[in-house]
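The values are calculated or read from the model by the stated rules, or taken from the named source; none is laboratory data. Please read these numbers as outputs of a predicted model, since none were measured by experiment. Here the Cβ positions follow ideal geometry from the backbone for every residue, glycine too, while neighbour counts run over all protein chains shown.
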Amino acid sequence: MRQPLLIARGLRKRFAVRGGLFGRTLAHVHAVDGVSFSIAKGETLGVVGESGCGKSTLARLLMRLVEPDAGELIFDGDAVGERTGLTLRELRKNVQMVFQDSSASLNPRMSVAESIAYGMRVHGATRDAARQTAHTLLEQVGLRAALFAARYPHELSGGQKQRVNIARALALNPRLLILDESVSALDKSVEAQVLMLLRALKAHLNLTYLFISHDLHVVRYVSDRVLVMYLGEIVEIGPADDVYRNPGHPYTRALFGCQLDTDPRRRIAEAPLAGDPPNPVDPPPGCRFHPRCLYAEHVCTTRAPSLGEALAAPLHAVACHMHDAASAHTRAGDPPTGTPHAFRVDGDASEAHRPPDLLRS
Ligand code: SF4
């Protein structure tokens, strides 16, 4: 079993909602609530969930771009904190991030080489050494330094800008790369090229990835393990093949049921997941998924299910009372299996393309 590179324990972040004449705190948004997991050395951990589930806040907490209200981070055996083992400066050298918006991440007044060299200069590299490394990194991400080093962001395509952002993230020799929707804004063909580049770099540079995306197909393609978030909590985590073949949480099953299938006979005519996530300012008591869950019972409204020992990397863990044989749920120890509950179209292709109301009549 591989050693953990990063361990997060009980991470919590609530953002204040201010209002009124004096900007008083009126409420708190529960962005990330008691999240614990680990990332093993050399693995890719995919993170999925609906918009607003806390994926991006989690990424920022791991880099300490936002301060957690509670919880601890351990990086390669060292606790992160100014008075403990690893300082924030050292953490940020080891953990780098690539964001979705490739344009906003680059300074329009800096050439490509200057942007890549900037981080190295801040960490004490000489101008020549930083420039030389920037040129090497450009070649590594598939851009010829002779052609691209002196260009400015407005002279690059979206895919080229994202390659520059990846080169910039690699400049300080990080061990963990957080990819927050990094390929989501790219055309599909460019996305595939960047994914292949990320794969090659991971093998070549011995990197570890945290890969956040709303694209479930892409997450399955790149991930060794998958973590599913709902309303600031982890509801399921496990090996990617295991989670995709046999999703255990009703939310994960519904989420995967929303994927478009290229086989027209397997298209769905009803959304597997109805309604919007509840307001994160006032999350429901008990299981946060209970207002949308087909299997919700009284125990789900009063007691929050536990994920168990999710820090142990190879485990497939599900936070649902149906997976806890000792819970008071009538299906305890006998959770539903197989495909999600969505109605599937089994007619021919033309019928599958009809609007849902015609299919139902
Ligand atoms: Fe549904 Fe209850 Fe499981 Fe939550 S704990 S997912 S409400 S069955």
Output for region 136-170, where each listed residue is touching a residue at least 40 places away in the same chain (Cβ under 8 Å), among the aliphatic types (A, V, I, L, M) and under 22 Å from residue 93 (Cβ atoms):
141, 164, 166, 167, 169, 170
Taking region 278-291 and the residues there that are touching a residue at least 40 places away in the same chain (Cβ under 8 Å) and within 24 Å of residue 331 (Cα to Cα), the one that is nearest to the ligand (Cβ to nearest atom) would be 289
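So if I check each of 32, 66, which one is in contact (Cβ under 8 Å) with a residue 40 or more places away in the chain, touching a helix residue (DSSP H, G or I) at 6+ places or on another chain (Cβ under 8 Å), buried (at least 19 other Cβ atoms within 10 Å of the Cβ) and of a type in the set (A, V, I, L, M, F, W, C)?
Exactly one of 32, 66 is in contact (Cβ under 8 Å) with a residue 40 or more places away in the chain, touching a helix residue (DSSP H, G or I) at 6+ places or on another chain (Cβ under 8 Å), buried (at least 19 other Cβ atoms within 10 Å of the Cβ) and of a type in the set (A, V, I, L, M, F, W, C), namely 32.
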Residue satisfying condition, being farther than 20 Å from residue 36 by Cβ and within 16 Å of the ligand (Cβ to nearest atom), within set 257, 232:
257
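Tell me whether region 107-124 contains one or more residues that are within 23 Å of residue 48 (Cα to Cα) and either of a type in the set (Lys, Arg) or not assigned by TED's automatic domain parsing to the domain that holds residue 50 (or both). Show your work before the answer.
To start, the set of residues in region 107-124 that are within 23 Å of residue 48 (Cα to Cα) comprises none.
The answer is no, given that none of the residues of region 107-124 is within 23 Å of residue 48 (Cα to Cα) and either of a type in the set (Lys, Arg) or not assigned by TED's automatic domain parsing to the domain that holds residue 50 (or both).
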Before we move on, is residue 172 under 28 Å from the mean Cα position of the chain (by Cα), aliphatic (A, V, I, L, M) and not in a helix (DSSP H, G or I)?
yes
